[in-house]
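Contents: one structure, followed by commentary.
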Amino acid sequence: MNNQNFINILLVVLFVVILGNCYNHFLKDDNSIEENLASTQTEVPQTQEQEPSQESEIPLKVPEPKSKGNIQYSSSILTQLKTQKEVSIAINPPTAYSGRTQESILNERKGYVSKVFNMPNYKPMESIFGGIVNGKPWIGLKGAYCDGWRTTKGRTDGPSEESVFMNNPLGLVMIEMPYYTYSVPSSCPATAKLLPTKITASKDAINVYYNLSAYHNNYVQPEGRKYTIYYLKPINAKDFGYEWGYIANSKYVGFSDENSIMDNVYNFLDFIHMGGACQVEGGCNNGSPNQRPLEFRPNAFPAYMQVYLWKERPAHTTSNPDMIVNLYMN
């Protein structure tokens, strides 16, 4: 064998050795990639399983869009808003209206309005309050909320249901119970009367808070929980010129009507008149009419609704509102 052939054989052997090493190296890398992929695939479901618990820890928070702030707060509220994001407003207690004159009742309302609004020439809207009849009874809180309409006896006694709303004018939109679905034995505690726990005012919104879960679970008859059993009450909004509303955002709330305030901009119809809803001989002063587009039920707690309000009919549900009301239902 000459030297050239020997050199050629050595080169071939060397090439085979190098090729073998390269193959082993690539094979090892490929196995490593497969192991990493397998490891990643087993980790993904674990991450997905943890997501619900992470979401449950996120606090219920209402979006904070800007409104036109088209509202005439009192000087006291405006002064506080210079240094505070929002101002807490005292909840005024309900009062008895039965037997009183229209003038007496509306003068009481004017006093409450003057505490929270800068409206020196405020006059209650005639189309809302002009139907109040002097000296007539009003449906009482106990008769409406606690007796379950089982008897007409005492139905108009004590603080009146409508006073909850009329005595708290800053609650532009509040919550009211429809009847026939609940009954509280004997004492009728304050917690059974569905009063707000807090009302606050900011430049862009009014926030109204309710402990609705306690009310719903403790005072509503089980058969009543199956139905849409709460109303939105925008009587104050309408009185101050906000005649149109829309539920722009919400959570855990459902409306049964096909043309509800959650589906379309709604024109509020509230007024007070002498009617027979109280089933008392001669009739009573009471709020009206029954507005099905405002009937709702909570599906879980805490829940909320964000109500856009306009003084003129907006072009669209996304139009910038004159004011916003956030209803918190804990």
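The values are calculated or read from the model by the stated rules, or taken from the named source; none is laboratory data. Note that the structure is predicted; figures quoted are calculated from it, not measured. Glycine gets a Cβ as well: all are built from the backbone with ideal geometry, and neighbour counts include every protein chain shown. The accessibility values were calculated without ligands, DNA or RNA, using every heavy atom of the protein model including side chains. Shrake-Rupley method; radii C 1.70, N 1.55, O 1.52, S 1.80 Å.
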Failed criterion for residue 300 (all others in (1) under 24 Å from residue 127 (Cα atoms); (2) in contact (Cβ under 8 Å) with a residue 12 or more places away in the chain hold)
(1)
Flagged pairs (Cβ under 7 angstrom, 6 or more apart or on separate chains; first in segment 191-208, farther than 24 Å from residue 310 by Cα; second among the β-branched types (Val, Ile, Thr) and part of a loop (DSSP other than H, G, I, E, B)) are 192/184; 195/91
Just to verify a result, which residue in segment 303-315, among those that are touching a residue at least 24 places away in the same chain (Cβ under 8 Å) and open to solvent by 50 Å² or more (accessible area, probe 1.4 Å), is nearest to residue 264 (Cα to Cα)?
313
Expected single match for charged (D, E, K, R), within 28 Å of residue 301 (Cβ to Cβ), within 24 Å of the chain's Cα centre (by Cα) and modelled with pLDDT under 95 among 86, 57 is 57
Selection over segment 65-90 where residues are in contact with a Pro (Cβ under 6 Å, 6 or more places away or on another chain) and open to solvent by 30 Å² or more (accessible area, probe 1.4 Å) yields a count of 0
Just checking, how many residues over segment 259-296 are closer than 26 Å to residue 143 by Cβ and among the polar types (S, T, N, Q)?
6
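Would you check which residues across segment 230-259 are assigned to a loop (DSSP other than H, G, I, E, B) and under 15 Å from the mean Cα position of the chain (by Cα) and list them?
Hits for segment 230-259 are 234, 252.
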Does segment 283-301 hold any residues that are within 17 Å of the chain's Cα centre (by Cα) and either modelled with pLDDT under 95 or open to solvent by less than 10 Å² (accessible area, probe 1.4 Å) (or both), and which are they?
294, 295, 296, 297, 298, 299, 300, 301
Matching option when the condition is free of Cβ contacts under 8 Å to residues at least 40 places away in the same chain, more than 21 Å from residue 155 (Cβ to Cβ) and out of contact with any Gly (no Cβ under 8 Å at 6 or more places or on another chain), among 126, 108:
126
Is there any pair with a first residue in segment 242-254 that is modelled with pLDDT of 95 or more and a second that is part of a strand (DSSP E or B) and among the polar types (S, T, N, Q) whose Cβ atoms are under 8 Å apart and which are 6 or more apart or on different chains, and what are they?
243/267; 244/267; 247/306; 248/306; 249/306; 250/306
Among the residues of segment 224-282, which ones are among the hydroxyl-bearing types (Ser, Thr, Tyr), closer than 23 Å to residue 170 by Cα and open to solvent by less than 20 Å² (accessible area, probe 1.4 Å)?
230, 242
